[in-house]
Amino acid sequence: MRKKSNLNLIRIDDHLDYVVASNMSSLFLAQLSENYDIRDLFKEILSNEGNELHLRKVGDFGCEGTYSTLQLRNLGLENNCIILGYLRADTYESFFNPGLGEQIDLKPEDSLIVLAEN
């Protein structure tokens, strides 16, 4: 929230740290309508407690270079997180759930999209 005029869009409470775009809300509701059992998953990742979605810089994570998705996921598990995808720093393109055999060339300024507690 860089613009002061947009601050009225959020409340400053313990339970609200971000604004979810309406298209994301629609996706959550559509998934819940098809499978109510994933309610606890959304509760986990959308609350202030437990695991949350994070962007981790590749350079800070120590995994610059070329990896398969499977190798990256194993590296994530070793670091107590689940790697869901990555974000290219030069184009701001995000890639979710790439194929396990897909080769991904990561630069230090790219980011990994991870599910982690911290």
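The values are calculated or read from the model by the stated rules, or taken from the named source; none is laboratory data. Note that the structure is predicted; figures quoted are calculated from it, not measured. When we count neighbours, we look across all protein chains shown, and the Cβ atoms used for this are built from the backbone with ideal geometry, even at glycine.
One table, with the values for the structure above:
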{"quantity": "Hey, Glu78 without any contact (Cβ under 8 Å) to a residue 12 or more places away in the chain, over 23 Å from Glu44 (Cα atoms) and among the charged types (D, E, K, R) or not", "calculated": "no"}
{"quantity": "Some residue of segment 39-51 being touching a Lys or Arg at 6+ places or on another chain (Cβ under 7 Å) and either farther than 29 Å from Gln103 by Cβ or modelled with pLDDT of 80 or more (or both)", "calculated": "no"}
{"quantity": "Residue ID - surrounded by the most Cβ atoms within 10 Å (Cβ to Cβ), chosen from residues in segment 82-114 that are hydrophobic (A, V, I, L, M, F, W, C) and in a loop (DSSP other than H, G, I, E, B)", "calculated": "Ala89"}
{"quantity": "Output for segment 33-79, where each listed residue is surrounded by fewer than 13 Cβ atoms within 10 Å (Cβ to Cβ) and among the hydroxyl-bearing types (Ser, Thr, Tyr)", "calculated": "Ser33, Tyr36, Ser47, Thr66"}
{"quantity": "Test: residue in segment 69-76 that is closer than 18 Å to Ile113 by Cβ, modelled with pLDDT under 90 and of a type outside the set (Phe, Trp, Tyr)", "calculated": "no"}
{"quantity": "Ile82 vs. criteria β-branched (Val, Ile, Thr) and modelled with pLDDT under 95", "calculated": "yes"}
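For (1) in contact (Cβ under 8 Å) with a residue 40 or more places away in the chain; (2) of a type outside the set (A, V, I, L, M), each residue gets a yes or a no:
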site	(1), (2)
Ala30	no, no
Asp37	no, yes
Lys43	no, yes
Gln71	no, yes
Leu84	no, no
Leu100	no, no
Ile104	no, no
Ser111	yes, yes
